[in-house]
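Structure first, commentary second.
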Amino acid sequence: MIPSLPTMHHLAHHLTRRVPHISRIPINLPSINATLQALALSPNPLQAVFLFKTKLSTPDAVSCSLALKACARALAGREGHQLHAQVVLLGHLADPLLLTTLMDFYAKTNDLAYACKVFYEMPRTDTVAYNVLISGHVLGGEAMRALSLFRTMRCAGLSPDEGTVIGVVSACAQLGSNRLGCMAHAFVLVAKMHDHVVVCNALMDMYAKCGCVELMRQVFHGMTHRCLVSWNTVIMGMAMHGHGREVLGLFDSMLCEGVRPDSVTMVAVLCGCNHSRLIDEGLRLFDTMEREHGVRPNVKHYGCVVDLLGRAGRLDEAYNLVLSMPIEPDAMIWETLLAACNVHGHVGLAERAMVKLGEIGSTHSGDFVLMSNVYAMHSQWADVVRVREVMKTCNSRKVPGFSFIEAKGSIHRFVMGDRGHPRWREIYSKVDEMNRKLRLNGYVAQTSFVLHDIDEEDKENALGYHSEKLAIAYGLISIEVGSPIHVIKNLRICGDCHGVAKLVSKIYGREIVVRDRARFHRFVQGSCSCGDYW
Ligand code: ZN
Ligand code: ZN
C-alpha cells in the first residue's frame with residue numbers, strides 16, 4: 001500500500017527539526033546532488049524530495065534521478081508522478097539512467113503497465129533496465145511475464161547479471177516450477193554465479209518453494225560464504241516441509257558459527273516447531289528468545305505460539321497468552337485462535353475470538369465459515385443460520401481459492417468448479433472416477449468444510465470440484481507415472497481435499513505434493529508428511 005504523504009508544511013517542519021543543516025547547503029549542483037543521494041538512501045527518503053523542490057530551479061538529470069529514487073523507496077506515488085511530468089518538461093527523457101530510475105519507480109509502486117511503457121520508449125535498453133522490469137514483474141506477482149522478458153533479453157543478445165538471475169529464480173519460486181527452477185540453476189552454474197551469496201539464497205528459497213528439499217540442502221552445504229539471510233532461508237525452507245528436528249539442528253549450528261539470529265530467524269524456528277508438533281521445544285524457545293538471543297517477540301512470534309498451543313488443544317493457555325500480549329493482537333492472532341477452536345470444537349472461545357475480529361473490523365468470509373462449523377459440530381443450527389445472516393449483511397471479504405499445476409512444460413491454473421480448461425471434460429470425468437474409487441475405499445466426504453445451508457448431496461458436489469482436486473485430476477491424466485504431481489494452492493488446503501489427496505496417492509500409486517499457504521504436504525501411499533497436523 002502506498003503510504004499517504006505528509007504535507008509539505010509538515011515535512012518542512014520535520015526537516016528543520018531533524019535536518020537543520022539543510023538550510024546551510026551551498027547552492028551548487030554537485031553538492032546538492034551529493035546531499036540528495038544521502039537523503040534518498042536515508043530512513044526518511046522524502047527529505048530528498050523536499051530538498052529537490054526547495055533548492056533546485058533547474059535540476060539536471062542526475063538530480064531528477066535521485067529524487068525519483070527517493071520516491072521509489074518511499075513508495076510515494078503522487079510525488080513520483082509529478083517528478084515524471086517535470087522530467088518531460090525539462091527534456092531529460094533521453095537520459096538512460098534517469099529512465100531506468102523512472103521505470104524502477106513505476107515497478108516498485110506496482111504500476112507495471114507504466115514501467116513497461118517507459119521501457120519500450122527507451123532509445124536503447126541495457127541489462128539494468130531489463131533487471132528492473134523483471135524484478136518489478138516478480139514483485140507484482142507476474143512471474144510468467146518476468147520469464148518471458150528474460151527470454152526477450154537473451155534474444156536481444158544481452159548478458160544477464162546476478163540481478164537478472166535473482167529475478168528469474170524468484171519468478172520460478174513464485175510459480176513453484178522445479179523444472180524452470182532447475183533450468184535457472186543450470187544457468188547460474190554456467191554463468192559461474194554459484195559463489196554469489198544472494199543468488200544462492202534465491203536458489204534455496206526457490207527449491208524450498210518448489211518442494212525440492214534435497215536440492216535446497218545441497219545449495220546450502222555448497223555455499224562457501226553464508227549470511228544471516230542464508231540461514232533464515234534454509235531454516236524456513238525446512239520448517240515449511242515439516243523437518244522440525246533439522247530446523248533445531250540448523251539453528252544450533254548457526255549459533256555455533258557465531259551468527260546472531262534476528263526476528264525472522266525466530267519466526268522460522270518457531271514455525272518449524274509448530275509444523276512438527278515440537279511443542280515443548282517451541283515454548284522453550286519462545287520463553288528464552290529475548291533473554292538468550294536478544295530478539296523481542298513481535299506479533300508474528302506470538303502468532304506462531306498461539307497456533308502451537310491451539311493446535312495441540314491447549315486452548316486456555318493459547319487464550320491466556322493472547323490476553324497477556326504486551327502488543328495489540330491483530331486479526332491474524334484471533335483467526336489462529338478461531339481455527340484452533342474449529343479443530344477442537346470450543347464454542348465459547350470461538351465466540352470471543354469472533355467478537356474481537358468484529359471489533360478490529362475484519363470481515364473475512366473464512367472466519368464466518370469456521371464459526372458456523374463450530375456451531376454445527378454442536379448441532380446449534382439456529383446459531384449456524386444467524387452467522388450466515390451476519391455474513392451476508394456485513395459484505396464479508398472472500399479470498400478466491402486457486403491452484404496451479406505444471407504439466408508438460410506449461411502452467412495451468414484452476415478455480416473451484418472451473419470449466420475454462422480446454423480439457424475440462426476429461427478432468428471432470430477423472431474427478432468422478434476418483435470419487436467412485438474413493439467411495440469404494442470407504443471414503444466419506446468431509447462436508448463440514450462447506451457452509452451448512454445446502455443439503456448433503458450439494459455439499460459433496462461443492463467439495464468435489466475444489467481447485468486442488470481439479471488440479472490433481474489434471475495431474476493424473478497429464479503427468480507420466482513415476483513423476484510426482486506438484487500443486488500450489490493460494491489458501492490452506494481444506495480437510496476434505498487433504499483426505500482425498502491421501503487416498504488418491506494410495507489408490508493411484510502417485511506421489512502428490514501440495515504447497516498451500518502455510519506449508520508443504522507430501523502425500524505418499526495414503527499418508528501425508530504433515531501427519532494430519534496442519
Ligand atoms: Zn478442498
Ligand atoms: Zn498434510
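The values are calculated or read from the model by the stated rules, or taken from the named source; none is laboratory data. The model shown is predicted, which means the values in this text are computed figures rather than measured ones. Here the Cβ positions follow ideal geometry from the backbone for every residue, glycine too, while neighbour counts run over all protein chains shown. Side chains included, ligands, DNA and RNA excluded: accessible areas come from the protein's heavy atoms. Shrake-Rupley method; radii C 1.70, N 1.55, O 1.52, S 1.80 Å.
What net charge do the residues around GLU468 carry, taking every other residue with its C-beta under 13 Å from that of GLU468, with Lys and Arg at +1 and Asp and Glu at -1?
Values: positive: ARG413, LYS469, LYS489, ARG492, LYS502, ARG515, ARG517; negative: ASP418, ASP496, ASP516.
Computed value for this residue: +4.
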Principal-axis tilt of helix 178-190 within the chain, Cα atoms, nearest 10 degrees: 40
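Once you mark the GluC sites (Glu not before Pro) that are in a DSSP loop and have at most 13 other Cβ atoms within 10 Å, what is the longest gap between them in the chain? Each step should come with its number before you reach the end.
Numbers: sites that count: GLU257, GLU480.
Between the exposed loop sites, the longest stretch runs 1-256.
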Distant alpha-carbon pairs in the chain (separation over 29 angstrom), percent: 63
Counting DSSP beta bridges with both ends in the chain, the antiparallel % (nearest 5): 75
Degrees between helix 29-40 axis and first principal axis of the chain (Cα, 0 to 90, nearest 10): 20
Angle between the chain longest axis and helix 96-108 axis [Cα atoms, degrees, rounded to 10]: 30
Whether the range 402-528 is rounded, prolate or oblate, judged on the alpha carbon gyration tensor where a/c under 1.5 counts as rounded: rounded
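So what's the back-of-envelope 222 nm ellipticity for the chain, counting only DSSP H runs of four-plus at -39500 (n - 2.57) apiece and dividing by all residues, rounded to 500?
-20000 deg cm²/dmol
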SER410 accessible area, 1.4 Å probe, all protein chains in place, Å² to nearest 10: 50
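Within a Cβ distance under 12 Å of TYR428, other residues only, what is the Lys/Arg minus Asp/Glu net charge?
Overall, the nearby charge balance is +1.
Exactly which trypsin sites (Lys or Arg not before Pro) in the range 94-183 are in a DSSP loop and have at most 14 other Cβ atoms within 10 Å? Could the numbers behind the result be given before it?
Working: sites: LYS108, LYS117, ARG124, ARG145, ARG151, ARG154, ARG179; in loops: ARG124.
Hits after loop and neighbour filter: ARG124.
Please find the FRET efficiency linking VAL347 to GLU426, where r is the Cβ-Cβ separation and R0 is fixed at 45 Å, and quote it to the nearest 0.05. Could the numbers behind the result be given before it?
Values: r = 44 Å, r/R0 = 0.98.
My answer for the efficiency is 0.55.
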Distance between modelled label sites at SER324 and MET377, nm, 7 Å Cα→Cβ extension: 2.5
Proximal charge balance of LEU337 [Cβ under 12 Å; K/R count +1, D/E count -1]: -3
